[in-house]
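Chemist: Mind looking over this structure? Questions follow.
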Protein chains: 2
Amino acid sequence: MTLSIYRASVPLYIRGFSQLAGIMDKAEANAAARKIDLSVLVNSRLAPDMYPFSGQIQRASDTAKGTIARLVGVEIPSFPDDEVTFEDLRGRIAKTVDFIKSVPESAFDGADTREITLKLRDRDMTLSGADYLLDRQLPNFYFHITTAYAILRHNGVDIGKRDYLGV
Amino acid sequence: MTLSIYRASVPLYIRGFSQLAGIMDKAEANAAARKIDLSVLVNSRLAPDMYPFSGQIQRASDTAKGTIARLVGVEIPSFPDDEVTFEDLRGRIAKTVDFIKSVPESAFDGADTREITLKLRDRDMTLSGADYLLDRQLPNFYFHITTAYAILRHNGVDIGKRDYLGV
């Protein structure tokens, strides 16, 4: 009844970004057909104090690269949040996935019990690698991917749940 | 570097529903303060062809109980989708969590390699328990919890990411 922490992290992030890229392709085609400037979608939000589509992608990227780097104990790659077009966002996704793929499976040895300390707004929090991944980072990743999807759906882009799930 | 499939499923669903219940408490208080009938929130959607808040909870419930039942090889409890109030939805969450908690950890022995066959619209799909949980059911669960959260945020309910994550 065991899974590896590698299996429960790397392929999930790669899959999530792959589905997201497919969703963006459909959104681009849909926007072209409706003569909607893509910047409208990039800057659209569900509430004034939520991130727009671009910010959801940036936070999904941060969550994924932060998870993998912290689980294996390497420095988190820093990407400036300077994406303003779909093409920029595709680049952000690609370099995030490239980083994730660059980490060998063997680097995850012991990652489930590795102590990970996060600096929150008001305190430090220490978690095991397993708790960090399962209780915090996976829910956070899907939060941002889903919200990106929901922003497009709210704007009438013709995508469906299967585009998100991929199965 | 191992996790159990129990650890990667049961506590995640229980935690997700617990955060959702807390979010609903805040939404109820906020709606009362703004003199908004709760049925407005229950029936709100982000797009005309997406489920309303109530449907998101029902699908989160279906995803969670379906996952656990299929992983351990028991019949999936059937709940009618008859919830129309916050109180009803709290009941749906409670009975879903009760079912999940009723399954002993020992029942998950071998669940990662158990063959699970799903009837999709157009075909059958067979997956291992691990692939079923990680590639399909966790993303699907967080999809519905996040969309429920996003519906409330879109309606001006004063909740934040920490209410979703719980950390």
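The values are calculated or read from the model by the stated rules, or taken from the named source; none is laboratory data. Computed from a prediction, not measured in an experiment: that's the story for all the values here. Heads up, the Cβs are rebuilt from the backbone with ideal geometry, glycines too, and the neighbour counts pull from every protein chain shown.
Chemist: Those residues that are surrounded by fewer than 19 Cβ atoms within 10 Å (Cβ to Cβ), within 27 Å of A:F99 (Cβ to Cβ) and not small (G, A, S), I need them from the stretch A:20-44; list them, please.
Modeler: A:D25, A:K26, A:E28, A:L38, A:N43 - these are the residues of the stretch A:20-44 that are surrounded by fewer than 19 Cβ atoms within 10 Å (Cβ to Cβ), within 27 Å of A:F99 (Cβ to Cβ) and not small (G, A, S).
Chemist: Which one of these is of a type outside the set (G, A, S), under 18 Å from the mean Cα position of the chain (by Cα), over 29 Å from B:I116 (Cα atoms) and at the interface with chain B (Cβ under 10 Å from one of its Cβ atoms): A:L127, A:L152, A:L134, A:L165?
Modeler: A:L152
Chemist: Same structure, new question: Just one of B:A107, B:A111, B:A94 is outside any helix (DSSP H, G or I) and either within 15 Å of B:S54 (Cα to Cα) or in contact (Cβ under 8 Å) with a residue 12 or more places away in the chain (or both); which is it?
Modeler: Step by step, each of B:A107, B:A111, B:A94 is checked, and only B:A111 is outside any helix (DSSP H, G or I) and either within 15 Å of B:S54 (Cα to Cα) or in contact (Cβ under 8 Å) with a residue 12 or more places away in the chain (or both).
Chemist: Another question, if that's okay. Any idea how many residues of the stretch B:59-91 are closer than 17 Å to B:G22 by Cα and surrounded by fewer than 21 Cβ atoms within 10 Å (Cβ to Cβ)?
Modeler: 6
Chemist: Going through the stretch B:61-91 one residue at a time, which ones are of a type outside the set (D, E, K, R) and outside any loop (DSSP other than H, G, I, E, B)?
Modeler: Of everything in the stretch B:61-91, those that are of a type outside the set (D, E, K, R) and outside any loop (DSSP other than H, G, I, E, B) turn out to be B:S61, B:T63, B:A64, B:G66, B:T67, B:I68, B:A69, B:L71, B:V72, B:F86, B:L89, B:G91.
Chemist: Can you tell me how many residues within the stretch B:142-167 are out of contact with any helix residue (DSSP H, G or I) (no Cβ under 7 Å at 6 or more places or on another chain), outside any loop (DSSP other than H, G, I, E, B) and without any contact (Cβ under 8 Å) to a residue 60 or more places away in the chain?
Modeler: 3
Chemist: Another question, then. Being facing another protein chain (nearest Cβ under 10 Å) and at pLDDT 95 or above, is that true of even one residue in the stretch B:82-99?
Modeler: Within the stretch B:82-99, not a single residue is facing another protein chain (nearest Cβ under 10 Å) and at pLDDT 95 or above.
Chemist: Restricting attention to the stretch A:120-167, and to residues there that are over 18 Å from B:D163 (Cα atoms) and among the basic types (K, R), which single residue is surrounded by the most Cβ atoms within 10 Å (Cβ to Cβ)?
Modeler: Among those residues, the one meeting the criterion is A:R153.
Chemist: Let me ask something else about it. Can you tell which of A:A29, A:A47, A:A64 is touching a helix residue (DSSP H, G or I) at 6+ places or on another chain (Cβ under 7 Å), of a type in the set (G, A, S) and free of Cβ contacts under 8 Å to residues at least 24 places away in the same chain?
Modeler: A:A47
Chemist: Inside the stretch A:100-119, can you point out the residues that are of a type outside the set (A, V, I, L, M), under 21 Å from the mean Cα position of the chain (by Cα) and surrounded by fewer than 19 Cβ atoms within 10 Å (Cβ to Cβ)?
Modeler: Listed by number, the residues that qualify are A:K101, A:S102, A:P104, A:E105, A:T117, A:K119.
Chemist: Identify all residues within the stretch B:7-18 that are within 11 Å of the chain's Cα centre (by Cα) and surrounded by fewer than 21 Cβ atoms within 10 Å (Cβ to Cβ); write none if there are none.
Modeler: Those that are within 11 Å of the chain's Cα centre (by Cα) and surrounded by fewer than 21 Cβ atoms within 10 Å (Cβ to Cβ): B:I14, B:R15, B:S18.
Chemist: Sticking with this one: Taking the stretch B:1-60 as the search range and keeping residues that are part of a loop (DSSP other than H, G, I, E, B) and among the acidic types (D, E), which one is farthest from the other protein chains (Cβ to nearest Cβ)?
Modeler: B:D37
Chemist: Scanning for something within 22 Å of B:S44 (Cα to Cα), modelled with pLDDT of 95 or more and not in a strand (DSSP E or B), does the stretch B:125-141 turn up at least one residue?
Modeler: yes
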